[in-house]
Amino acid sequence: MHGGAQTGWLLMALCAVSGAYCLLRARTGTPRERRTARAEATMGFGMAAMAVPAAAVPPPPWAWAAYATLFGAAALRASRPALRGGHHLHHLVGSLAMVYMAVAMAPGAAGNGGSQHTGHGAAGAGGIPLLTGALLVYYVFYVLGSAGRLLPGTAAVPAGGTGSGGHGAGDFGGGAAGGPEMATACRLTMGIGMFAMLLTL
């Protein structure tokens with residue numbers, strides 16, 4: 001992830017496609033399913049914007065404050081539903097991780113030496129190693145869990161049911177626009193993207 005711009009463009013494309021798919025899911029389903037899909041679309045498009053290589057499209061000075069404000073608001077909105085656990089808790093973690101990355105990648109952040117990296121930040125972007133490491137571990141397990149639900153024999157979810165632990169791939173909005181497998185694949189893609197972006201801190 002500290003390499004050339006091609007990786008950044010690829011990550012941007014994957015996150016943008018995931019965000020677009022989530023928007024399609026937001027057109028159908030119950031109100032809760034639509035809210036979940038909109039939250040995931042916001043995450044996908046936000047990650048796509050942050051992944052654009054700074055060497056190709058230098059971000060405006062206000063971009064980092066805008067990211068932090070947007071995802072800070074998303075975290076506040078997700079905080080109460082997160083008490084119920086499940087995917088709402090994951091949305092809260094993801095929103096807070098986006099705020100953390102926006103602050104760490106902002107110009108003037110500790111350790112930010114101005115060198116380019118895959119996204120809009122710098123290769124030496126200022127992050128807190130312990131917090132970055134904890135988020136990386138979280139996303140490793142999230143990605144592995146999502147990938148496991150795509151394996152034959154685990155992807156199929158009975159009508160009205162859920163995946164393992166009561167909050168699997170078919171929890172919220174999985175039945176529309178492609179089925180639970182596509183929804184899980186979308187979340188898996190964004191989880192990998194978040195892991196890759198955290199590696200640059």
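General remarks:
- Scanning region 113-124 for residues that are surrounded by 19 or more Cβ atoms within 10 Å (Cβ to Cβ) and either over 19 Å from the mean Cα position of the chain (by Cα) or modelled with pLDDT of 70 or more (or both) returns a single hit, Ala122.
- Residue match in region 87-95 (condition: among the small types (Gly, Ala, Ser) and open to solvent by 20 Å² or more (accessible area, probe 1.4 Å)): no
- Residue pairs meeting the criteria (Cβ under 7 Å; at least 6 apart or on separate chains; first over 15 Å from Thr184 (Cβ atoms) and of a type in the set (Gly, Ala, Ser), in region 13-29; second assigned to a helix (DSSP H, G or I) and open to solvent by 20 Å² or more (accessible area, probe 1.4 Å)): Ala16/Phe45; Gly19/Phe45; Ala26/Arg34; Ala26/Arg38
- Members of region 58-76 that are surrounded by 13 or more Cβ atoms within 10 Å (Cβ to Cβ) and at pLDDT below 90: Pro59
- Only one entry in Arg80, Arg84 is modelled with pLDDT of 85 or more and of a type in the set (Lys, Arg), namely Arg80.
- Residue among Ala102, Ala109 that is modelled with pLDDT under 95 and over 14 Å from the mean Cα position of the chain (by Cα): Ala109
The values are calculated or read from the model by the stated rules, or taken from the named source; none is laboratory data. All of these numbers come straight from a predicted model, not from anything done at the bench. Here Cβ is always computed from backbone atoms with ideal geometry, including for glycine, and neighbour counts include all displayed protein chains. These area figures cover heavy atoms from the full protein model, side chains too; ligands, DNA and RNA do not enter into them. Shrake-Rupley method; radii C 1.70, N 1.55, O 1.52, S 1.80 Å.
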